[in-house]
Amino acid sequence: MSTLNPAQTALLVVHLQHDIVSAGTAFGSLFNPQVIERKVIENSARAMEVTRAAGGTVVPLKIDFDDDYADAVETIPLLAMAKQAGALKRSQPGAQIVDEVRVQDTDLVLGHQRPGPFTGTDLHAQLQARGIKHVVVCGVATNASVEGAVRQASDLGYDTYVLTDACSAADLAAHEAALGSMSLFGQALTVAELATALGK
């Protein structure tokens, strides 16, 4: 692939939150086995380090809600499931990003309330203000908010990529099917290929 200008590159790190990826939590019971098997947290942390070191923008994303879920759209089954499980309350530890990815003060941490991170947020404006042209996406789940972010970024005109070895779904088949769908909207990269493209 061609090189990426680091100053014009943003890495969106999707929902590496305790309630989604940690064992024994509301959604972690579904997603944690593949997160562990595919080393999603370690690989995402590496991608974050590489992007920062090159001078790119790291955007850790959190989906979180008021304690009464007044800001959740319950007609979206995934969000209705979160409410039913009492998960992803903004005030609770389960909504926080796991320590292992080592979020830095220089990162652009963004909370949002829809599966797609550009909906109802100023993410697009923030990226535009930084001169971002290339959007790289990793995290959980490949077939939900990762794919949502890729599709939205592509719709908005960004040169879009997905890190195939830094995302996962509930099972490998769902992950691979989502990667197939995303190939229509962006390019596939590994973390190692990202490092090379950024000159690291």
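Table for the structure above
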quantity	calculated
Where a residue in segment 113-124 is closer than 19 Å to residue 141 by Cα and open to solvent by 30 Å² or more (accessible area, probe 1.4 Å) and its partner, wherever it lies, is small (Gly, Ala, Ser) and not in a loop (DSSP other than H, G, I, E, B), with Cβ under 7 Å and at least six apart	115/144; 115/145; 115/148
Among the candidates 58, 50, residue that is at pLDDT 95 or above, under 19 Å from residue 130 (Cβ atoms) and touching a Ser or Thr at 6+ places or on another chain (Cβ under 6 Å)	58
Subset of segment 125-143 that is farther than 26 Å from residue 34 by Cα and out of contact with any strand residue (DSSP E or B) (no Cβ under 7 Å at 6 or more places or on another chain) - its residue that is least open to solvent (accessible area, probe 1.4 Å)	131
Complete set of residues in segment 22-44 that are in contact (Cβ under 8 Å) with a residue 40 or more places away in the chain, more than 18 Å from residue 80 (Cα to Cα) and not acidic (Asp, Glu)	22, 34, 35, 38, 39, 40, 41, 43, 44
Residue identified as of a type in the set (Asp, Glu) and over 15 Å from the mean Cα position of the chain (by Cα) among 165, 159	159
Answer residue from segment 76-102, given it is part of a loop (DSSP other than H, G, I, E, B) and open to solvent by 60 Å² or more (accessible area, probe 1.4 Å) and is nearest to residue 140 (Cα to Cα) among those	96
Residues within segment 31-60 that are more than 19 Å from residue 148 (Cα to Cα) and in a helix (DSSP H, G or I), tallied	18
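Every residue, every condition in (1) crowded, with 21+ Cβ neighbours inside 10 Å; (2) within 23 Å of residue 186 (Cβ to Cβ); (3) touching an Asp or Glu at 6+ places or on another chain (Cβ under 7 Å), yes or no:
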position: 8; (1), (2), (3): no, yes, no
position: 16; (1), (2), (3): yes, yes, no
position: 20; (1), (2), (3): yes, yes, no
position: 23; (1), (2), (3): no, no, no
position: 31; (1), (2), (3): yes, yes, no
position: 39; (1), (2), (3): no, yes, no
position: 46; (1), (2), (3): no, yes, no
position: 52; (1), (2), (3): no, yes, no
position: 64; (1), (2), (3): yes, no, no
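The values are calculated or read from the model by the stated rules, or taken from the named source; none is laboratory data. Note that this is a predicted model, so its numbers are computed, not measured. FYI the Cβ positions are ideal-geometry reconstructions off the backbone, even for glycines, and counts take in every protein chain you see. Accessible surface areas use protein heavy atoms only, side chains included; no ligands, DNA or RNA. Shrake-Rupley method; radii C 1.70, N 1.55, O 1.52, S 1.80 Å.
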